[in-house]
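S.K.: Here it is, the structure in full.
What follows draws every value from the coordinates through simple rules; no lab data is involved. Just so it is clear, the model here is predicted, and its values are computed rather than measured. We place every Cβ from the backbone using ideal geometry, glycine too, and count neighbours over all the protein chains shown.
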Amino acid sequence: MIQLQGVYTAMVTPLKNGEVDWENLRSFVEFQVKNGVAGVVPVGTTGESPTLSPAEHLKVIETTVEVVNGRCQVIAGTGANSTAEAIELTREAKAIGADATLQVTPYYNKPTPEGLYRHFSTVADKVGLPVVLYNVPGRAGVPIAESTVARLAQNPAIVAVKEAAGSVERVSAILDLCNITVLSGDDSLTLPMISVGAKGIISVSSNIIPAEMVEMTDAALNGDFKKALELHKKYYRFFKDEFIETNPIPIKAALAMAGMMAEEYRLPLCELAPDHREKLADTLKRCGIIK
């Protein structure tokens, strides 16, 4: 079964003139690979999956897999609030060649713990692609209870959980109940989560500083917390300000400021407010990300 450890970039989806910028996407994936990430995560929350068409969604995964060409892992975002839709998307991702699937907690319909267990189990059993659970109650409306994670961990196809609830204690609680890989879902919590047993990060920051996030995360995983803490302190302000507005608005603005892609979104997302733009630009300069 797949082993997950290190930095996985929750990739943005470049847009240009209302369409996916396929040329930029290819170069962006190459940038991630060359900077040593363990894997990339296309069409998750950061990839604006809610506003991509089904055809675009799958083509982003296909393009990513093609460019990666086995050089790192690809965890495709194929979750949905409909179990049938999640199964269909995940089957397509498996056929394309993704290494695993990121399955977000079904949003809006707020399933019970039993409903969550059946949902994730059904996706895992019907498709057979390794599943990374995605706990993000701030977006989905409900958390995956630790006890539910423990039940799901008994399924050999469910290999990891992305913890984006802002709780380091949940890492300890989960690992006390079961044996499953935990990945941080918050850049600013990478170090404390690793210190209690997490194996890495699904990162927004690594869109723009992949090599630096790899250096920090690898140092922590190797027990060199002095070096890891130095890097954490250097980029902490950015870790916080990349969420000054709804993700992925700030990270796309940062990438545009760095000249890496156009700053373009699809409604209902829109550009940064002027005061937030000024604050983010100042942070990027203070952290040495742009001049």
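S.K.: Between A273 and A211, what is 0.36 nm times their sequence separation minus the Cα-Cα distance? Round to one decimal in nm.
M.R.: 19.4 nm
S.K.: Return the inverse of the average 1/r over all pairs of distinct C-alpha atoms in segment 68-224, which is the Kirkwood hydrodynamic radius, in Å to one decimal.
M.R.: Values: mean 1/r = 0.0632 Å⁻¹.
The answer is 15.8 Å.
S.K.: Largest first and to the nearest Å, give the Cα extent of the chain along each principal axis.
M.R.: 49, 44, 35 Å, listed from the longest principal axis down.
S.K.: Would you please calculate the Kirkwood hydrodynamic radius of segment 50-146 over all C-alpha pairs and express it in Å, rounded to one decimal?
M.R.: 13.6
S.K.: How high is the relative contact order of the chain, given as a whole-number percent (alpha carbon pairs under 8 Å, six or more residues apart)?
M.R.: 17
S.K.: Starting from the 7 Å offset along Cα-to-Cβ, what nm value, one decimal, do you get for the label separation of E114 and S53?
M.R.: 4.1
S.K.: A further question on this structure: Between V196 and N155, what FRET efficiency comes out of the Förster formula 1/(1 + (r/R0)^6) with R0 = 25 Å and r the beta carbon distance, rounded to 0.05? Intermediate values should be presented prior to the final figure.
M.R.: Values: r = 24 Å, r/R0 = 0.95.
It comes to 0.55.
S.K.: Another question, then. Determine the dipole magnitude for segment 6-224: charges of +1 sit on the beta-carbon of Lys and Arg, -1 on that of Asp and Glu, nothing else is charged, the reference point is the Cα centre, and the result goes in debye to the nearest 20.
M.R.: 460
S.K.: Please give the per residue volume of the convex hull enclosing the alpha carbon atoms of segment 111-201, rounded to a whole number of Å³.
M.R.: It comes to 83 Å³ per residue, whole-number rounded.
S.K.: Another question, if that's okay. Pull up the DSSP beta bridges for segment 6-224 and report the antiparallel fraction as a percent, rounded to 5. If you can, show how the numbers build up before the last one.
M.R.: Working: 2 of 28 bridges.
Among the beta bridges of segment 6-224, antiparallel pairing accounts for roughly 5 percent.
S.K.: Could you give the length gained on full extension between D224 and F243, defined as 0.36 nm per residue of separation minus the Cα-Cα distance, in nm?
M.R.: Value of the extension gain: 4.1 nm.
S.K.: In nanometres, what is the gap between the two model label sites at R26 and A173, each 7 Å from Cα along Cα-to-Cβ?
M.R.: Going by the 7 Å Cα→Cβ label model, 4.6 nm.
S.K.: With θ set to phi - 60°, apply the Karplus curve 6.51 cos²θ - 1.76 cosθ + 1.60 along segment 114-120 and write out the HN-Hα couplings as whole Hz, x wherever there is a Gly or Pro.
M.R.: 5, x, 4, 4, 5, 4, 5
S.K.: Taking the Cα centre of segment 56-105 as origin and charging only Cβ (+1 Lys, Arg; -1 Asp, Glu), how large is the dipole, in debye to the nearest 20?
M.R.: 140
S.K.: While we're on this one: Where the eigenvalues come from the Cα gyration tensor of segment 185-291, what are the semi-axes √(5λ) of the equivalent ellipsoid, largest first, in whole Å? All intermediate terms of the calculation are to be shown ahead of the outcome.
M.R.: Working: eigenvalues 136, 39, 25 Å².
Rounded to whole Å, the semi-axes are 26, 14, 11.
S.K.: Follow-up. At 222 nm, what helix-only mean residue ellipticity would the chain give, in deg cm²/dmol to the nearest 500, using -39500 (n - 2.57) for each DSSP H run of four or more?
M.R.: Rounded to the nearest 500, the figure is -14000 deg cm²/dmol.
S.K.: Might you report the magnitude of the Cβ-based charge dipole of segment 1-123 about its Cα centre, with Lys and Arg at +1 and Asp and Glu at -1, to the nearest 20 debye?
M.R.: For this selection, approximately 280 debye.
S.K.: Using a basic spin-label model with each label point 7 Å from the Cα along Cα→Cβ, how many nm lie between R139 and M1?
M.R.: So the label points at R139 and M1 sit 2.5 nm apart.
S.K.: Order of V20, V29 from fewest to most other C-beta atoms within 10 Å?
M.R.: Fewest-to-most ranking of V20, V29: V20, V29.
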